[in-house]
Amino acid sequence: MASDTQTEFPAHIAIVMDGNGRWAQQRSRPRTMGHQAGQKALRRVVEHCGRIGVRELTVFAFSSENWNRPEKEVSRLMDLFMRALDREANELHQNGVAIRFIGDLSKFSPELQEKIQAVLARTPQDCRLRLNVAANYGGRWDITNAARALGAEIKAGALDPTDIDEALFESQLATSPGSCPDLLIRTGGETRISNFLLWQAAYSELYFSPVLWPDFGPAEIDAAISAYAARERRFGAIHESAQQKAG
Ligand code: IPE
Ligand code: IPE
Ligand code: MG
């Protein structure tokens with residue numbers, strides 16, 4: 001997962017798509033309406049990212065903690081996922097978008113799991129844009145899962161603990177193979193990670209937007225990319241000009 005000090009353009013953008021419920025509440029509509037509008041926003045954003053040359057987009061669709069919502073909201077969300085897969089997957093594939101899911105899919109209904117597997121089976125190998133949909137995803141789950149996988153290899157005698165380094169650990173994460181996000185956007189005004197890509201976001205540039213997710217679109221993505229281009233990524237080092245001064 002090589003990172004680049006070049007901040008002109010982010011190859012990988014991650015998004016916490018937040019604010020659907022408030023968007024609906026502002027219109028005195030049920031929260032589900034906000035989730036529906038949120039799906040339309042995702043479509044706009046995926047199309048735009050593909051157009052401008054983003055290579056990888058990772059979106060937080062449902063967190064491992066979102067099961068704590070009222071059962072009715074969760075089941076409506078699951079319905080919406082099913083319908084979105086039916087409606088969008090083929091067209092996305094035809095447009096060179098390869099869909100991948102990251103998260104513990106085993107908690108979903110057998111029907112939804114089947115649909116997900118069918119989409120994965122049709123995912124093109126060559127793609128313009130890789131779309132990672134984080135569903136029942138949690139950063140702590142991801143890290144715990146990786147540790148468990150390495151533990152099993154050690155137990156089987158296939159791995160020596162001293163051989164575990166960051167690259168090997170990272171290879172066990174749900175995002176592997178893939179890059180770490182250059183830019184992590186959270187919409188909806190909250191300024192927290194909410195258990196998204198805890199390992200992978202170690203050096204992501206963070207961008208918080210007050211815009212609620214259903215209102216997010218190309219202009220907001222462009223604004224986030226402009227803000228990113230003005231950043232200086234140092235990865236713990238110091239900038240060249242400061243280096244000269246330090247002598
Ligand atoms: C994000 O929007 C969608 C999911 C978490 C599934 P929210 O539903 O969290 O919307 P707000 O934050 O309540 O407005
Ligand atoms: C994060 O949003 C999860 C998704 C966008 C899928 P939440 O709305 O669940 O996060 P909190 O509860 O505000 O931290
Ligand atoms: Mg929220």
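Counting the residues of segment 4-24 that are more than 7 Å from ligand 1 (Cβ to nearest atom) and part of a helix (DSSP H, G or I) gives 1. Residue pairs whose Cβ atoms lie under 7 Å apart, sitting 6 or more positions apart in sequence or on different chains, and linking a residue in segment 135-163 that is under 29 Å from residue 77 (Cβ atoms) to a partner that is in a helix (DSSP H, G or I) and not hydrophobic (A, V, I, L, M, F, W, C), are 136/107. Within segment 25-39, the residues that satisfy the criterion of being assigned to a helix (DSSP H, G or I) and either among the β-branched types (Val, Ile, Thr) or away from ligand 3 (no atom under 12 Å from the Cβ) (or both) are 26, 32, 33, 36, 37, 39. Within segment 1-59, the set of residues being of a type in the set (Gly, Ala, Ser), within 20 Å of residue 224 (Cα to Cα) and modelled with pLDDT under 95 comprises 3 only. If you filter segment 4-41 down to residues that are in contact with a Lys or Arg (Cβ under 6 Å, 6 or more places away or on another chain) and of a type in the set (Val, Ile, Thr), you find that the one that is farthest from residue 78 (Cα to Cα) is 5.
Contact list please: Cβ distance under 8 Å, first residue in segment 29-44 and among the hydroxyl-bearing types (Ser, Thr, Tyr), second residue within 14 Å of ligand 3 (Cβ to nearest atom), pairs at least six apart or on different chains. Filtered contacts from segment 29-44: 32/24; 32/73; 32/77.
For segment 187-224, the tally of residues that are farther than 23 Å from residue 52 by Cβ and in contact with a Gly (Cβ under 8 Å, 6 or more places away or on another chain) stands at 5.
Within segment 206-233, the set of residues being of a type in the set (D, E, K, R), away from ligand 1 (no atom under 16 Å from the Cβ) and buried (at least 20 other Cβ atoms within 10 Å of the Cβ) is empty. Scanning segment 63-83 for residues that are among the charged types (D, E, K, R) and touching a residue at least 60 places away in the same chain (Cβ under 8 Å) turns up at least one hit.
Between 187, 144, 162, 191, the distinction of being within 16 Å of ligand 3 (Cβ to nearest atom) and surrounded by fewer than 16 Cβ atoms within 10 Å (Cβ to Cβ) belongs to 191 only.
The values are calculated or read from the model by the stated rules, or taken from the named source; none is laboratory data. This is a predicted model, so every value here is computed, not measured. Neighbour counts are summed over all protein chains in view; Cβ atoms, including those assigned to glycine, are modelled from backbone coordinates with ideal geometry.
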